[in-house]
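The structure appears below as structure tokens.
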Amino acid sequence: MQDFEKLGIFYLGREYNLTTKQGKDNLVLYDSRHMVTHAVCVGMTGSGKTGLCLALLEEAAMDNIPALIIDPKGDLGNLLLTFPDLKPEDFRPWINEDDARRKGLSADDFASQQAELWSNGLGQWGQDGKRIAALREKCELAIYTPGSDAGIPISVLRSCDAPPQEVIEDRELFRDRIGATATALLGLIGVDADPIQSREHILLSNLFDAAWRQGQSLDLPALIHQIQTPPMTKIGVLDVDGFFPAKERFVLAMQINNLLASPGFEVWLSGEPLDVQSLLFNAQGKPKLSVLSIAHLNDSERMFFVSLLLNQTLSWMRQQSGTTSLRAILYMDEIFGYFPPIGEPPAKRPLLTLLKQARAYGIGIMLATQNPVDLDYKGLSNTGTWFIGRLQTDRDKMRVLDGLEGAVATAGGASFDRQEMDRILSGLGNRIFLMNDVHAGQPVVFESRWAMSYLRGPLTRSQIKTLMADHKASQPIPAGGKSKAAAITGNRAAARPVLPPDIPQHFIPARATDGAGITYKAVLYGAAQVKFLDPKKGVDLAKTISIIAPITTDATPVSWEDAEETETTADELEGAPVEGAGFAELPPAAAKAKSYAAWSKDFSNWIFANQKLDLFVSPSTGEMSRQEESERDFRARLQLVAREHRDSDLEAIRARYATKVASLEEKIRRAEQAMEKQQQESSSAKLETAVSIGAGILGAIFGSKRGGTSAVLGKVAGAAKGVQRARRQSQDVDFASENLGTLMQMKADMEAEIKEQTDAVTNSVDASKEQLQTVSIRPKKVNVSVRLCSLAWMPVEGAPSN
């Protein structure tokens, strides 16, 4: 079988002859760089679409390409069902027992049958358990379940975070981000909002716009507060209350508050943050295939989450460097309802933007559907690769042909033969696909390879929980304000203490808007700016540090060693408490203004002694991590750089040897023709000589009617010359054969030389496993500047203890 373990190549299957209904020997090896122009996969239920798409994702993992995988149907978690040993007991927990009963088999027998089926199927396609083990080694796989704790839950507390400055400065992208966020949030509470007519949509858009332009994030509690008390006085030319009266704004605030307070929504607020980089790479920089399962959500919740994810992906994308190599894949299994030809659901605009812009950043978008009619094919016209499987109706086929014709026209490729395409699509069967790749010339019909993952169908909640149990057990519970507040015990609630005017007071924002269950506890809040300078390493970083330290009644009221960093910045501190909240007793030292000057000095000394900037260095490349770049992000960047170098080196090898290979093959072709010609001439000469000799001998024996003895002697002499000519022709054949052998050896030597060079590229250092070095940079005392050291009141939820 042809070698398919090649760098930057996805092994998808082998070519297929529709006439004979037989597979060909040629493998379908898809260049990963073609994925940056995106792909569409269309096929009815049972066409093998899911198997093909999972095979492509497996190949991406084999090439260290991470992927975000949106799973509306719940069956893409099958990517985690990979069993290198291919034993029946590995398959047993995951079989569909209904299938076993329908076949009249026990569960154990059915598991054995499935194990044998998968082992044989893989073997027919040149795969085995070793390749499955390599797949599991090369990537981390995880199932995320927003709105559920079956898999890894995802917190949407940061869903309204301010986007990066690059997004804010792009007016169109910033407007789309605001509109999609407002529409998705309103859809979650059942408000079908028109961006032009809806007061709710316009109000939320203005709140997001005002906060994000100032670099301020809005979580849901903060949004509720701003709906009730907007930070602006006018919307358009109307006063806020004239445009949207306070009583009616309160109704909107209550709707969002009810959503936030509902028991089922609590899981949306816990779990890992919706961070694209963390979904693509683990903490060690290892690529991930992250399955985002949303099958358990209702339609509005699905749209809410998908639009948030796509917007977060856009923001992440804008922070990446440009590249022509494939950096990551975003795959969505069923886009029906998210990308309609008419209307604009919240997910459509960011998806369109990704299709237009993601290729410049090396991000490939792959969309799949079994409902090809209700799609915006105009929006898909820039898609470079189409995988088309068996379709259910003629109407489906006509819509796909329209879309494919538009894609071919946009690419400026060869003329589109609609009749021939119609004939091909009509002949497709199970696991037989048409691939139209604008980069590869003519369309190819192929049979998809056997998936390494066990395709058992949609996973149940309990199965997802089982698959993710080890992952969740090994991950620490994300720190949050609620858990930190629960660890702080307050004294009995009292009125707000009266303090001298020279003691400034600040209030850490509370999540709840009802102060009845909140008690404020006094803490010391410190904010300092630290500058790290090292001209030799090119480091010039100003970092702001925010610290909360407890104030006690001990002889040393404040110990900075007990302090904790906080995400609340000085600009986010509020000037007033939540109405109705109580206050714990104030330690005596906190009521003295001179205490804060001493604490500020201690704070500065503590910062100087404890703060440092750690940077990572790659010994193999000499690359150094950027400022504030985590190990995970640094390794991810090293992998991309290595992949770019790899692609460049391979292209250089191809370019360097292309002319030599072509010239040598031409010489071989000519040598083969010359040897064939010499062989023919030699055979002819031998035949003529034999005839001449025979004629001479016969003439000598039986006599000749003409010429007598002299004629016979002439024939014998001619025959002798023929023998000499035949001998020379034989020598020419030997020479031609020797020349061809020499050329074939030269070709073998060149192939070995090319293999040696490509192997050298393959065996380069794996950035995800390389032992990184660490260098530390400490600040000078003059570069530590305390911005604030002040009394702050921290809200503690729940009744205070006596």
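The values are calculated or read from the model by the stated rules, or taken from the named source; none is laboratory data. Given the structure is predicted, the values throughout are model-derived calculations rather than measurements. Note that we place each Cβ from the backbone using ideal geometry, even for glycine, and neighbour counts take in every protein chain shown. For accessibility, only protein heavy atoms count, side chains too; no ligands or nucleic acids. Shrake-Rupley method; radii C 1.70, N 1.55, O 1.52, S 1.80 Å.
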Take the alpha carbon atoms of the range 609-628, find their center, do the same for the range 1-58, and report the distance between the two centers in whole angstrom.
41
Phi to ³J(HN,Hα) by Karplus 6.51 cos²θ - 1.76 cosθ + 1.60 over the range 561-578, Hz, x for Gly, Pro
5, 8, 6, 10, 6, 10, 7, 6, 7, 4, 6, 8, 5, 9, x, 9, x, 5
Of 34, 201, 296, which has the most accessible area with a 1.4 Å probe, and how do the rest follow in descending order?
296, 34, 201
Heavy-atom accessible area of residue 466 with all protein chains present, probe 1.4 Å, nearest 10 Å²?
90
What's the extension gain from residue 409 to residue 321 if we count 0.36 nm per residue and subtract their Cα-Cα distance?
28.7 nm
For residue 32 the rounded accessible area (nearest 10 Å², probe 1.4 Å, non-protein molecules ignored) is 10
Solvent-accessible area, 1.4 Å probe, carbon plus sulfur percent, for the chain:
50
I need the shape label for the chain. Rule: rounded when a/c is under 1.5, else prolate if a/b > b/c, else oblate, with a, b, c from the alpha carbon gyration tensor.
prolate
Extension gain from residue 134 to residue 229, taking 0.36 nm per residue of separation minus the Cα-Cα distance
28.5 nm
Please work out how much length the chain gains when fully extended from residue 601 to residue 630, using 0.36 nm per residue of separation minus the C-alpha to C-alpha distance, in nm with one decimal.
7.4 nm
Would you mind getting the accessible area per residue of the chain, heavy atoms of the protein chains only, 1.4 Å probe, in Å²?
48
Angle in degrees between helix 593-610 and the longest Cα principal axis of the chain, rounded to the nearest 10:
20
May I ask for the distance between the Cα centers of the range 289-345 and the range 528-594, given as a whole number of Å?
38
Fraction of antiparallel bridges per DSSP, the chain only, in percent to nearest 5
60
Please give the FRET efficiency for residue 760 paired with residue 117, using the beta carbon to beta carbon distance and R0 = 41 Å, rounded to the nearest 0.05.
0.55
0 to 90° range, to nearest 10: angle between helix 107-124 axis and the chain longest Cα axis
50
Give a residue-ordered list of calculated ³J(HN,Hα) values for the range 251-265 (Karplus: 6.51 cos²θ - 1.76 cosθ + 1.60, θ = phi - 60°; whole Hz; x for Gly, Pro).
4, 5, 4, 5, 4, 5, 5, 4, 4, 5, 8, 5, x, x, 7
Could you pull out every one of the lysines with an alpha carbon less than 20 Å from that of residue 348, ignoring same-chain neighbours closer than 8 positions?
73, 356, 378
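Taking R0 as 22 Å, what's the FRET efficiency between residue 336 and residue 356 from their Cβ-Cβ distance, rounded to 0.05?
My answer for the efficiency is 0.55.
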For the residue pair residue 672 and residue 552, what label-to-label distance in nm results when each label sits 7 Å from Cα along the Cα-to-beta-carbon direction?
8.8
408, 438, reordered so the largest accessible area comes first (probe 1.4 Å)
438, 408
What's the percent breakdown of Cα-Cα distances in the range 305-373 across 10 Å bins, shortest bin first?
20, 53, 24, 3
Determine the dipole magnitude for the range 88-197: charges of +1 sit on the beta-carbon of Lys and Arg, -1 on that of Asp and Glu, nothing else is charged, the reference point is the Cα centre, and the result goes in debye to the nearest 20.
180
Relative to the first principal axis of the alpha-carbon coordinates of the chain, what is the inclination of helix 631-702, with its axis defined by its Cα atoms, in degrees from 0 to 90 and to the nearest 10?
10
Over 25 Å between C-alpha atoms is what I'm after, so list which of 521/543; 288/465; 6/667 land there.
521/543; 6/667
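Per DSSP H run of at least 4 residues, take -39500 (n - 2.57); add these up for the chain, divide by its residues and hand me the 222 nm value, nearest 500 deg cm²/dmol.
Details: 21 runs with 346 residues, N = 802.
Computed mean residue ellipticity for the chain: -14500 deg cm²/dmol.
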Solvent accessible area, Å² - residue 559, 1.4 Å probe, full protein context:
40
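Just by accessible area at a 1.4 angstrom probe, what is the order of 758, 369 from largest to smallest?
Final ranking, largest accessible area leading: 758, 369.
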Expressed to two decimals, the range 1-92 has a Cα Rg over Rh, using the Kirkwood radius, of 0.98
Can you give the convex hull volume per residue for the Cα atoms of the range 514-656, as a whole number of Å³?
185
Starting from the Cα gyration tensor of the range 567-646, multiply each eigenvalue by 5, take the square root, and state the resulting semi-axes largest first in whole Å.
46, 19, 8
